[in-house]
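To start, the structure itself, in structure tokens.
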Amino acid sequence: MKDTTWGWHHALDCYACDRAAITSREQIAAFSKALVEKIDMVAYGAPVIEHFATHDAEKAGYSLVQLIETSNICGHFCDSTGDCYIDVFSCKPFNKEDVVAVINEFFNPKNITEHWIVRTAKP
């Protein structure tokens, strides 16, 4: 039987990160670059990093979108809680432990909850 896997989606909920790190555009950009390299992807252009939701202090924070040749890396970093939510989706396999290692190095969360999804559109 043929493997119908299209890709892999790693969603990470990161609790109580280093606030100085998650509120720094420069740190988020460095994280994006390091993650792309660590999981052996190819960035497609520069990351988009913008501060959003400023109308709601509980939700405000930077959002990251880094296109990669095989899909994307996205994240939202919450100023008020220190939490961040990071997603890696790729049709090229990658090591999920490497993703966790880079998150720990750059943001030092107290806890990470991981969700690993194998993606396929075939029934």
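Below, the figures for the structure above:
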| quantity | calculated |
| --- | --- |
| Condition check for Leu35: under 11 Å from the mean Cα position of the chain (by Cα) and either at pLDDT below 95 or more than 14 Å from Tyr85 (Cα to Cα) (or both) | yes |
| Contacts under 7 angstrom Cβ, first residue in the range 35-52 being in contact (Cβ under 8 Å) with a residue 40 or more places away in the chain and closer than 14 Å to Lys96 by Cα, partner among the hydroxyl-bearing types (Ser, Thr, Tyr) and part of a helix (DSSP H, G or I), 6 or more apart | none |
| So Ala121, is it in a loop (DSSP other than H, G, I, E, B), of a type in the set (A, V, I, L, M) and without any contact (Cβ under 8 Å) to a residue 60 or more places away in the chain | no |
| Qualifying positions in the range 53-83 - in contact (Cβ under 8 Å) with a residue 40 or more places away in the chain and either among the charged types (D, E, K, R) or over 19 Å from Leu12 (Cβ atoms) (or both) | Asp79, Asp83 |
| Entirely in the range 1-115, the helices (runs of 4 or more DSSP H) that have 3 or more residues that are surrounded by 16 or more Cβ atoms within 10 Å (Cβ to Cβ) and out of contact with any Gly (no Cβ under 7 Å at 6 or more places or on another chain) | 25-38, 96-107 |
| Meets criteria (over 14 Å from the mean Cα position of the chain (by Cα), under 20 Å from Asn108 (Cβ atoms) and modelled with pLDDT of 95 or more) for Glu26 | yes |
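The values are calculated or read from the model by the stated rules, or taken from the named source; none is laboratory data. These figures come from a predicted structure and were not determined experimentally. Every residue, glycine as well, gets a Cβ built from its backbone with ideal geometry; the counts of neighbours run over all protein chains shown.
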